[in-house]
Amino acid sequence: MACNQLKTMNETYYTLIFIKDSSKILLGFKKRGLGKNTWNGYGGKLQENEDIFDCAIRELKEESNLNIKKDKLNYLGVVIYDDNRNMINHRRIVYIFNASSIDDEPVETEEMRPQWFNFQNIPYDNMWPDSKFWLPLVLKDGWLIARFTYKGDYEIVDYVVKELHEAPSLTNGIQDYMSIKSSQEDYEYKDCAIYVENV
Ligand SMILES: Nc1[nH]c(=O)nc2c1ncn2[C@H]1C[C@H](O)[C@@H](COP(=O)(O)OP(=O)(O)OP(=O)(O)O)O1
């Protein structure tokens with residue numbers, strides 16, 4: 001049996017939401033846990049029997065005290081992170097949203113310190129190394145599907161980002177990812193910039 005057939009895969013599902021207006025985006029400085037000491041949108045783990053919209057609403061509330069209604073959430077797509085260290089394959093599947101129309105101001109919580117950033121001034125150097133590849137799509141309300149393979153916590157060994165021309169359906173999200181995988185041979189994978197799929 002080949003070595004990689006012995007690997008087990010475990011998957012964790014998350015949501016991540018970016019609140020923005022036409023020129024500024026709200027980020028939180030993560031004070032603990034995954035991504036500690038970096039800026040990111042608001043989000044966390046999907047709970048059992050929770051849908052991703054409810055998870056996005058709950059995590060935003062817990063981490064910023066902002067309230068948002070379900071119909072204000074734009075579901076933009078999925079970013080998948082594979083970490084192939086040791087004999088355990090771990091995959092994080094992150095459902096991405098953005099939203100505008102927030103009336104209240106966020107507050108600092110135990111987990112996050114909020115700050116608004118101009119689109120020209122996003123602190124990519126102090127975010128996850130993958131953010132710079134796909135967050136520009138979120139700023140322009142683009143639909144996306146992306147996959148990153150990390151070696152360790154900070155080194156990206158390969159990635160692909162696709163901008164989609166139609167909204168990804170929730171059930172198709174992971175299938176779209178599979179099509180990314182199978183099209184790897186079609187282009188230079190490591191060096192690809194944002195790949196725009198013409199559909
Ligand atoms: N490489 C990466 N790039 C990125 O931009 N966001 C990532 C990422 N890896 C994980 N995330 C997101 C997903 C999720 O929104 C957040 C991590 O969530 P947490 O682990 O803090 O979840 P919870 O708030 O449920 O955790 P606890 O309550 O501490 O158990 O970071």
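The values are calculated or read from the model by the stated rules, or taken from the named source; none is laboratory data. Small disclaimer: the values here were computed from a predicted structure and weren't measured. Every residue, glycine as well, gets a Cβ built from its backbone with ideal geometry; the counts of neighbours run over all protein chains shown. Surface accessibility is based on the protein's heavy atoms, side chains included, excluding ligands, DNA and RNA. Shrake-Rupley method; radii C 1.70, N 1.55, O 1.52, S 1.80 Å.
In table form, for the structure just shown:
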item	result
Residue-wise HN-Hα coupling along region 69-83, computed from phi with Karplus coefficients 6.51, -1.76, 1.60 (Hz; x: Gly, Pro)	8, 4, 6, 8, 7, 9, 7, 9, x, 10, 10, 10, 10, 10, 10
Under-5 Å amide H pairs with G77, H placed in peptide plane, nonlocal only	I96, L144
Selection from N40, F133, I145, by position along the positive dipole direction of region 15-169 (Cβ)	F133
Relative contact order %, region 15-169, counting alpha carbon pairs below 8 Å whose residues are six or more apart	27 percent
Nearest-20 debye value, region 15-169 charge dipole, Cβ charges on Lys, Arg, Asp, Glu	280 debye
Spin-label pair Y13/E155, simplified geometry with 7 Å Cα→Cβ offset, distance in nm	3.3 nm
Debye-sum result for region 87-146 in log10 I(q)/I(0), which assumes one identical scatterer on each alpha carbon, at q = 0.20, 0.25, 0.27 Å⁻¹	-1.09, -1.37, -1.39
Estimated D of region 17-96 in µm² per second, where Rh is the Kirkwood radius over Cα pairs and Stokes-Einstein applies at 25 °C, 0.890 mPa s	175 µm²/s
R0 of 35 Å, Cβ-Cβ distance E50-D103: FRET efficiency to nearest 0.05	0.90
Average accessible area per residue (Å²) across region 117-161 - probe 1.4 Å, nucleic acids and ligands excluded	45 Å²
Spacing of the two label points (7 Å from each Cα toward its C-beta) at H90 and D21, in nm	3.9 nm
When each of K70/K151; K24/K162; K30/K132; K61/K162; K31/K162 is checked by Cα-Cα distance, pairs over 27 Å	K70/K151; K61/K162; K31/K162
Apportionment of accessible area to carbon and sulfur, region 26-115, percent (1.4 Å)	43 percent
Inverse of mean 1/r across different Cα pairs in region 15-169, Kirkwood, Å	15.9 Å
Antiparallel content of DSSP bridges confined to region 15-169, in %, to 5	70 percent
